[in-house]
1. In segment 50-96, which chymotrypsin sites (Phe, Trp or Tyr not before Pro) fall in coil by DSSP and have 16 or fewer other Cβ atoms within 10 Å?
2. What are the principal axis extents of the Cα atoms in the chain, in Å, biggest first?
3. Got a number for the accessible area of residue 84? Probe 1.4 Å, square angstrom, nearest 10.
4. Run the 1.4 Å probe and let me know the accessible area of residue 41, rounded to the nearest 10 Å².
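The values are calculated or read from the model by the stated rules, or taken from the named source; none is laboratory data. What you see is a predicted model; the values in this text were computed from it and never measured. Counting neighbours? That spans all protein chains shown, and the Cβs are built from the backbone with ideal geometry, glycine included. Protein only, heavy atoms only, side chains kept; ligands, DNA and RNA dropped before computing areas. Shrake-Rupley method; radii C 1.70, N 1.55, O 1.52, S 1.80 Å.
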Amino acid sequence: SKPSTMADNSRNAVDWPGTYRGTLPCADCQGIETVLTLHADRRFSLKRRYVGKEDSFRELTGTFAWNGAGSQITLSGDDPTPFLVGENQLIQLDQA
């Protein structure tokens, strides 16, 4: 087989589709319970609940885009959120 000319990056080397769960820091609540599902066709479902303030999740759906390096995704919408994609994990980044 001939060697691949495509460099390994998260987009092509990591099994990234799936559901990720975690609690993110929150300035004025106990944490933001977060469930993000990524689909192979670049759709996402993001559910968030502000612990101590809300009883139910708010859900946002849409599409996401990869950065040029294939290491980060950014969710579409009014509040575009970037994530670093790693093996079995996502790390939410700030928008800067």
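1. On the way: sites: 50, 57, 64, 66, 83; in loops: 57.
Here the sparse-neighbourhood loop sites are 57.
2. 56, 24, 23
3. Rounded to the nearest 10, that gives 70 Å².
4. 90 Å²
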